[in-house]
Amino acid sequence: MLTLQLILQGVFLFTLSTLLLGWLLPKIYTLLLCAIHSLVPAKAKHEKDDLELYESKKKEHREKSQTQYDSLASEYNQRILIPRQEEKRRKKEEDFIKFLGPAWKGKGSPLGGQVFDDENHCDSAGQEAARRRIVREDINLDVLAAAASNAAKKKKIKHVITLPDEPSADEPDAISVLFRTPLGTTFQRRFLNSDKVQCLCDLITTKGFSYKSYIISTSYPRVLLSDPNVTLLELKFGKRILLNIEEKDA
């Protein structure tokens, strides 16, 4: 009988403890979740604030560095690049004007062997030089002839520029060539397919860009037209082409 009572008491205690645990565990779990949720947003908010502060400082530093770089670049451009480009452009314009302008603009006077005895007639520097000149009469004619012969052998045949007639726009074999100069200007002329690159060189020479100092090239892909004997047909330009006039490398 006593044993049965102990068993019943044990079963009752076990049942009661099970019920208590079943009721308390969800409560404890809920409290823990609430506590965790209350801590996590604060931590996340703190991390978000730190990240925003870092990005703000990073952006501010980048803008400051960019401003300093722009200032230095602008100063270098104003102090170095622009004066250098202006000087180079000015020199090109001077060379261009010098090439097209007359070699002598003053009033010349012959410097022959004529000598003025009367100093009153010497009213120019050329006449004064002629009056003071003393022509030697004991020149060795053999040496003079030998020097003239050597000079004639060394003298190169001067290239005479003769441009072909410009074909009409209706000509089937005509090519319209647009030239872009180093000064930024452009000019245009038509040629035939049978014309050679030498004709293009002669044309730019008449415009003030001597082929001894300048060279012609295509825009893209960049190809230098260095062979004057090649015809335009062999270059396959088509009906219209843009060519650049460039300075030759020193």
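The values are calculated or read from the model by the stated rules, or taken from the named source; none is laboratory data. Please read these numbers as outputs of a predicted model, since none were measured by experiment. When we count neighbours, we look across all protein chains shown, and the Cβ atoms used for this are built from the backbone with ideal geometry, even at glycine. Heads up: the accessible areas ignore ligands, DNA and RNA and are worked out on the full protein's heavy atoms, side chains in. Shrake-Rupley method; radii C 1.70, N 1.55, O 1.52, S 1.80 Å.
Structural remarks
- Mean Cβ neighbour count within 10 Å, used as a protection proxy, ranking 184-193, 64-73 highest first: 184-193, 64-73
- Full extension of the chain between PHE187 and GLU93 yields a length gain of 32.2 nm, computed as 0.36 nm times the residue separation minus the alpha carbon distance.
- Cα gyration tensor category, rounded, prolate or oblate, for the stretch 188-250 with a/c compared to 1.5: prolate
- Exposure ranking of TYR211, TYR54, TYR220 by accessible area [1.4 Å probe, largest first]: TYR220, TYR54, TYR211
- Within the assembled protein chains, the solvent-accessible surface assigned to GLU75 is about 100 Å², based on a 1.4 Å probe.
- SER226 - accessible surface, heavy atoms, 1.4 Å probe, Å² rounded to 10: 90 Å²
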